[in-house]
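Trainee: Can you read through this structure? Questions will come right after.
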Amino acid sequence: MTKESLSLCSSGSYGSLLQQFCCILNYTGKPPKMFKEKEGLFPGIHKFTPRKKVGMLLLCAVSLAVFLWVVFVDKGEDLQELNASTKTNVGQSALTVQRLPPPPPVFFKGYTLPSGNPCEGFTLPPPPADKKRTGPRPCPVCYLPVEQTIALMPDAPSFSPGVGNLTYIHEENSGKHEFGGYLSLAQRNDSYDVRESMSVHCGFVRGIRPGQQTGFDIDDFDLHAMESCRGVVVASAIFGAFDLIRQPKNISEYAKKNVCFHMFVDEETEVFLRNSSELEGTKRIGLWRIVIVHNLPYDDPRRNGKVPKLLLHRLFPNARYSLWIDAKLELVVDPYQILERFLWRKNASFAISRHYRRFDVFVEAEANKAAGKFDNASIDYQVEFYKKEGLTPYSTAKLPITSDVPEGCVVVREHIPISNLFACLWFNEVDRFTPRDQISFAIVRDKIMSKTNWTVNMFLDCERRNFVVQGYHRDILEHWAPPPPPGATEIVHPPPPVANETLQTSGNVTTSSSGTDPLKEIPSKCGRDRKSKRHRKVIGS
């Protein structure tokens, strides 16, 4: 090997230590001195192998080491890169899964009772032959056994057409306190523009939460119990000690454990109940939990009564269903059977009975004036206002709507956004005009129906009289000379539940055949016969 080659080797131009080693080996024919000094460590190798071939042997050893390094070390790095890449892909897949849209919500869509059910094949019996008994009476109704109704309870809420998110307006105004808020005509009109997300006036516009510093105030421990109710609520109210407390009957053990029975009373009624020894330390009278209301928002007891009647979804924010009954009524059918018959079986979210005789708002308004139910000028003002908004007398053109006038003693409903909206807007009409809710019912229903396919199940009044029995107000009972009239102290219950109904239609009025006669004539009026103030002036937009 020439000196020039040696110089090239020593300059490192070969690019690696291994190449320089080979250059030196070829030049001298011997391994480098550093290896020679260490050859004593390998006596066996020098004994059996010529010295000239030791360099080649070391070269092979180095090559083997490089090969093993490539096979194992570099492969491990590749595996790490593969694992990292796999983790990255898995992470990206997880993100992709998270970004997928949520599954569509599940809604209750109703059901049809199977063949052979207890209500199959029943028809309403013909009307009684006694023409002298023309007043309202109960008629047979088919209820499923309680066990079956509980099994049929929907697992999901009903669909809420038109509105899916409903919130309520909170106001702080330095002027005169208004429980319903300072609702202008423009805001009122906007509240009837049904859309997916809405915020409306719905009572309790001031304070921390409904029932707390809002007017219609309730003690904290009662509010906590009301918020804890997550199933079915049965509610009523007595203000001014006007009625006696009537205990529900025929209530299943399941309902006694799971249904929230709440009776709202004012402080005057609380004093009366304590003096009569009905109310003791437990704050319970039979099934009823007595809830004392402070700071009633209205001077008119009838308006105060509309707060729990129409705004139960605000007082019981977590409840699914509610049944409102006027205080003079006695509940005689299990709440679950009522819900199954008038909501679930009909795939409805709001049910109320229609008036047994009147079905036209204008006729109802005149009847209210004739009976002195409210100030005549206020009723006329309200009716004229509705006329300008397009309310017309009832006719067959409104079918399948069978009536514009409800009998508002009982309200059965599911707490979903659309039915809550209806209740809010109905309450706003009662707050703005007269408390005669039969007059304002149709205008609210029709405005919502013009925007959605939602409607109200208006069932026969004789069916209502099947599951609630109407009694007398306390003042009437106390002023009767002894002995009281037959049947006054012992309420006669309607016939036992049977099945389906058959309607008889004459002209524009839809009536029902009656079952057996009760032993007494029961007044048809659900509300009080008290006069009140004139209408409140409508706030301009």
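Trainee: I'd like to know if segment 423-430 contains one or more residues that are over 30 Å from Ala156 (Cβ atoms) and under 26 Å from the mean Cα position of the chain (by Cα). Before the answer, list the steps.
Mentor: Quick first cut of segment 423-430, residues over 30 Å from Ala156 (Cβ atoms) only: 429-430.
Next, from what is left, pick out any that are under 26 Å from the mean Cα position of the chain (by Cα): 429-430.
Yes, segment 423-430 contains a residue that is over 30 Å from Ala156 (Cβ atoms) and under 26 Å from the mean Cα position of the chain (by Cα).
Trainee: Select from segment 268-313 the residues that are aromatic (Phe, Trp, Tyr) and modelled with pLDDT under 95 and write down the one among them that is surrounded by the most Cβ atoms within 10 Å (Cβ to Cβ). First the steps, then the outcome.
Mentor: Restricting attention to segment 268-313, the residues satisfying the condition of being aromatic (Phe, Trp, Tyr) are 272, 288, 298.
If we keep only those that are modelled with pLDDT under 95 as well, we get 272, 298.
Working: Phe272: 19, Tyr298: 21.
So, considering only residues that are aromatic (Phe, Trp, Tyr) and modelled with pLDDT under 95, the one surrounded by the most Cβ atoms within 10 Å (Cβ to Cβ) is Tyr298.
Trainee: Quick one: which residue in Glu384, Glu429, Glu463, Glu364 is free of Cβ contacts under 8 Å to residues at least 24 places away in the same chain and open to solvent by less than 10 Å² (accessible area, probe 1.4 Å)?
Mentor: On the way: Glu384 fails: open to solvent by less than 10 Å² (accessible area, probe 1.4 Å); Glu463 fails: free of Cβ contacts under 8 Å to residues at least 24 places away in the same chain; Glu364 fails: free of Cβ contacts under 8 Å to residues at least 24 places away in the same chain.
Criteria check complete, one pass: Glu429.
Trainee: Every residue in segment 439-460 that is within 23 Å of Leu315 (Cα to Cα) and open to solvent by 10 Å² or more (accessible area, probe 1.4 Å), please.
Mentor: Once the filter is applied, which keeps residues that are within 23 Å of Leu315 (Cα to Cα) and open to solvent by 10 Å² or more (accessible area, probe 1.4 Å), segment 439-460 yields only Val456.
Trainee: Here's a follow-up. Looking at segment 407-416 only, could you name the residues that are buried (at least 22 other Cβ atoms within 10 Å of the Cβ) and of a type outside the set (D, E, K, R)?
Mentor: First pass over segment 407-416, keeping only residues buried (at least 22 other Cβ atoms within 10 Å of the Cβ): 407, 409-414, 416.
Within segment 407-416, Cys409, Val410, Val411, Val412, Ile416 qualify.
Trainee: Report, by residue number, each residue of segment 420-430 that is over 14 Å from Tyr168 (Cα atoms) and either of a type outside the set (D, E, K, R) or at pLDDT below 95 (or both).
Mentor: Trp426, Val430
Trainee: Can you find even one residue in segment 205-225 that is of a type outside the set (Lys, Arg), closer than 27 Å to Ser160 by Cα and open to solvent by 60 Å² or more (accessible area, probe 1.4 Å)?
Mentor: Looking through segment 205-225, none of the residues is of a type outside the set (Lys, Arg), closer than 27 Å to Ser160 by Cα and open to solvent by 60 Å² or more (accessible area, probe 1.4 Å).
Trainee: Further question on the same structure: When only residues in segment 227-267 that are of a type in the set (Lys, Arg) and not in a helix (DSSP H, G or I) count, which is most open to solvent (accessible area, probe 1.4 Å)?
Mentor: The initial filter retains those residues of segment 227-267 that are of a type in the set (Lys, Arg), namely 230, 246, 249, 256-257.
Okay, now just the ones that are also not in a helix (DSSP H, G or I), so 230, 246, 249.
Numbers: Arg230: 157, Arg246: 30, Lys249: 93 Å².
It comes out as Arg230.
Trainee: List the number of the failed condition for Gly231; all other conditions in (1) modelled with pLDDT under 95; (2) in contact with a helix residue (DSSP H, G or I) (Cβ under 9 Å, 6 or more places away or on another chain) hold.
Mentor: Failed condition: (1).
Trainee: List the number of the failed condition for Gly372; all other conditions in (1) within 30 Å of Arg341 (Cα to Cα); (2) touching a Lys or Arg at 6+ places or on another chain (Cβ under 8 Å) hold.
Mentor: Condition (1) is where Gly372 drops out.
Trainee: What residue, of Glu280, Glu270, is closer than 19 Å to Ile218 by Cα, part of a helix (DSSP H, G or I) and acidic (Asp, Glu)?
Mentor: Numbers: Glu280 fails: part of a helix (DSSP H, G or I).
On inspection, the qualifying residue turns out to be Glu270.
Residue by residue, here is whether (1) more than 33 Å from the chain's Cα centre (by Cα); (2) among the aliphatic types (A, V, I, L, M); (3) modelled with pLDDT of 95 or more holds:
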{"residue": "Ala351", "(1), (2), (3)": "no, yes, yes"}
{"residue": "Ala370", "(1), (2), (3)": "yes, yes, yes"}
{"residue": "Lys373", "(1), (2), (3)": "yes, no, no"}
{"residue": "Lys388", "(1), (2), (3)": "yes, no, yes"}
{"residue": "Ser403", "(1), (2), (3)": "no, no, yes"}
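Trainee: Using the structure shown, decide if Asn347 is touching a Gly at 6+ places or on another chain (Cβ under 7 Å) and modelled with pLDDT of 95 or more. Working first, answer last.
Mentor: Values: touching a Gly at 6+ places or on another chain (Cβ under 7 Å): yes; modelled with pLDDT of 95 or more: yes.
In short, yes.
Trainee: Check segment 153-169 and report whether any residue there is without any contact (Cβ under 8 Å) to a residue 40 or more places away in the chain, more than 24 Å from Asn347 (Cα to Cα) and open to solvent by 20 Å² or more (accessible area, probe 1.4 Å).
Mentor: From segment 153-169, those without any contact (Cβ under 8 Å) to a residue 40 or more places away in the chain are 167, 169; that's our starting set.
Within this subset, residues satisfying the condition of being more than 24 Å from Asn347 (Cα to Cα) are 167, 169.
Subset that is open to solvent by 20 Å² or more (accessible area, probe 1.4 Å): 167, 169.
Yes, segment 153-169 has at least one match.
The values are calculated or read from the model by the stated rules, or taken from the named source; none is laboratory data. It should be emphasised that the depicted structure is a prediction, and the values quoted were computed from it without experimental measurement. For neighbour counting, all protein chains shown are included, and Cβ atoms are generated from backbone atoms with ideal geometry for every residue, glycine included. Only protein heavy atoms, including side chains, enter the accessible area calculation; ligands, DNA and RNA are left aside. Shrake-Rupley method; radii C 1.70, N 1.55, O 1.52, S 1.80 Å.
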